[in-house]
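Colleague: Input: one structure, supplied below.
Just so you know, all these numbers are worked out from the coordinates, no wet-lab data involved. Computed from a predicted model, the values in this text were never measured in an experiment. Because the Cβ atoms are built from the backbone with ideal geometry, glycine has one as well, and the counts that use them run over all protein chains shown.
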Amino acid sequence: MFKFNISSVLSDETASLDIKAIDDKMTHIRYGKNHYKLLKPIDLVGTFTNVGNQIIQFKGCIKTIIQLQCGRCTEFVEYPITIDFTQRFSAHNIETFEEDDIQIIEGNLVDLTSVVLEELQISIPVNVLCDEECKGLCNSCGINLNKKSCSCTATDVDPRLSVLKDLI
Ligand SMILES: [Zn+2]
Ligand SMILES: [Zn+2]
């Protein structure tokens, strides 16, 4: 959990607070139907700053490594992620804040967990490759062509042509 007490920043304009936290309880990230394993605990560093107007700004950086699967051969890939992000908060619920994407907090505690998760989810790439040169899987036998070779390609026949072959 990335919960922080920011009372010192709330009460003092121009005050700031540096934070550093590691969450080793989160082992997976869920996004849509998929689960992604975290190979390293999520690391968060940043600074809360009172920027005036009753607004607290958090500027921080998230680091972790996610396990993804190669889009061609389905082997696991270690995918390091570094995200810089900014989020603003206020303890005062003023209507115009909503338009500015300012999160309303209650009391002195700010929970960055959902923000961190959201940032991570949107940085998961749709497709990764274990290597630019990845040969993928054989269409016929499913063998990983990076590790082994098969003889399918030589005898592989287009399914449309195999109909003709049967007729011959
Ligand atoms: Zn691959
Ligand atoms: Zn094959």
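Colleague: Would you kindly calculate the translational diffusion coefficient of the chain, applying Stokes-Einstein with the Kirkwood radius from alpha carbon pairs, for 10 °C and a viscosity of 1.306 mPa s, and quote it in µm² s⁻¹ without decimals? Walk me through the numbers on the way to the answer.
Modeller: On the way: Rh = 19.6 Å.
Once the numbers are plugged in, D ends up at 81 µm²/s.
Colleague: Quick check on the exposure proxy: order V9, V51 from fewest to most C-beta atoms within 10 angstrom. Working shown, then result.
Modeller: On the way: V9 24, V51 14.
Taking fewest neighbouring Cβ atoms as first place, the list is V51, V9.
Colleague: Can I ask one more? Separation between the K40 and V126 pseudo-spin-labels, each 7 Å from Cα along Cα→Cβ, expressed in nm?
Modeller: Taking the simple label geometry, K40 and V126 are separated by 2.7 nm.
Colleague: Also, quick follow-up: In deg cm²/dmol and to the nearest 500, what is the mean residue ellipticity at 222 nm of the chain if only DSSP H runs of at least 4 residues count, each as -39500 (n - 2.57), divided by the residue total?
Modeller: Numbers: 5 runs with 32 residues, N = 168.
Rounded to the nearest 500, the figure is -4500 deg cm²/dmol.
Colleague: Ranked highest first by average number of other Cβ atoms within 10 Å, how do 137-143, 69-75 line up? Numbers along the way, then the final one.
Modeller: Numbers: 137-143: 13.4, 69-75: 16.4.
Peptide ranking by packing, descending: 69-75, 137-143.
Colleague: Sticking with this structure for a sec: So for the pair N93, K3, with labels modelled 7 Å out along Cα→Cβ, what separation do we get in nm?
Modeller: For N93 paired with K3, the spin-label model returns 2.1 nm.
Colleague: Over the stretch 110-149, what per residue volume does the convex hull of the Cα atoms give, in whole Å³?
Modeller: Working: hull volume 4.1 nm³, N = 40.
Spread over its residues, the Cα hull of the stretch 110-149 gives 102 Å³ apiece.
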